[in-house]
Amino acid sequence: MQKRLQMPIVLCAAACLWAAGPAEAPYQVVHGWPQLPDGFALKETAGVDVDSHGHVFVFHRGHRPLLCLDGETGKIVASWGDTMFGTPHGLNVDSKDNVWVTDIKRHQVLKFSHDGELLMTLGAREVPGLDPKHFNMPTDVVVAPSGEFYVSDGYGNSRVVKFAAEGTYLSEWGTKGDKPGEFDTPHGIALDAQGRVYVADRGNARIQVFEGNGKLLRVWKSEELGRPWGVDVGADGFLYVADGGDLRQTPEPFERNRALKLDLNGKIVAKWGSFGSYDGQFYWAHDIAAGGDGSVYVGDVWLGMRVQKFRPAGK
């Protein structure tokens, strides 16, 4: 049975602030990236992350669903996963370059080595549930340097589950709702260097920040922040956010899609992108990842069906 924690609440207005920058977008799309083989096309691109070598891992819902791309050229270095997944969703590369993914159709979390060897499977295949051994459409996973990891069990359930490195259940927090500490589709999850957990609470259009034991620290919600779908803490100590908009399938009324960069106090220091299908735009920005060289990658699901690379302006 889930236990709800009593947590002090700090509502943060800092996310309402935006540091205005120059007219030029703070990040510019890299045209022609990635370079995929003739006849190969990405499908709905649900997950993206970067390893310690600058390789970009992409999790999409088509042929060769797990791709390892060269960060500079965008060419495919390796791929695997045909017949292994139901519906690909979240992806995280840990500090040892293992690749973790979530499968929302099969209700599972899987860990692979960097070259594709399956190392661990959690959850019962195609059996949803709400207990230490089952998930219900888990959306994302993030791994601490210690090996402990957190799963946002987010479409069918509304919780974050914490596990030891070997996969032993440790704890969980959250339930369905809109009060601080509750979730409505916890869709993305990230960790900072201090072990704080950032959850993209998509249905509630906010980010919630917790200690590793589930103690609520901050709630960020504002018009400028929008509706976070994906989150990632970069090596630079900033939080990158994919605002995938409000699930409209047309820009009328105007739909919002963009990427944002926040400091860890919730202040928005950069934002770029808009709704659309041209280079630099997003249809449903689903996940985001920051590389060690300052590049940012955004995966686009549904009609977007692509991953785009962005560099800081002037670089």
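Scanning the range 191-205 for residues that are of a type in the set (K, R) and either closer than 12 Å to G244 by Cα or buried (at least 23 other Cβ atoms within 10 Å of the Cβ) (or both) yields a total of 1. Scan the range 253-274 for residues that are assigned to a strand (DSSP E or B), of a type outside the set (G, A, S) and crowded, with 19+ Cβ neighbours inside 10 Å and the total you get is 7. Of all residues in the range 151-186, those satisfying the criterion of being open to solvent by less than 10 Å² (accessible area, probe 1.4 Å) and among the aromatic types (F, W, Y) are F163, W173, F183. With (1) out of contact with any strand residue (DSSP E or B) (no Cβ under 7 Å at 6 or more places or on another chain); (2) modelled with pLDDT under 95 as the list, and K179 as the residue in question, which single condition is left unmet? Of the numbered conditions (1) out of contact with any strand residue (DSSP E or B) (no Cβ under 7 Å at 6 or more places or on another chain); (2) modelled with pLDDT under 95, the odd one out for K179 is (2). Could you run through the range 73-113 and say how many residues are in contact with a Pro (Cβ under 9 Å, 6 or more places away or on another chain), hydrophobic (A, V, I, L, M, F, W, C) and over 21 Å from A165 (Cα atoms)? Residues flagged as in contact with a Pro (Cβ under 9 Å, 6 or more places away or on another chain), hydrophobic (A, V, I, L, M, F, W, C) and over 21 Å from A165 (Cα atoms) within the range 73-113 amount to 5. The number of residues in the range 281-298 being assigned to a loop (DSSP other than H, G, I, E, B) and either within 20 Å of H60 (Cβ to Cβ) or at pLDDT below 95 (or both) comes to 5.
The values are calculated or read from the model by the stated rules, or taken from the named source; none is laboratory data. All values derive from a computational prediction rather than experimental measurement. So basically every Cβ, Gly included, is an ideal-geometry build from the backbone, and we count neighbours across all protein chains shown. Surface accessibility is based on the protein's heavy atoms, side chains included, excluding ligands, DNA and RNA. Shrake-Rupley method; radii C 1.70, N 1.55, O 1.52, S 1.80 Å.
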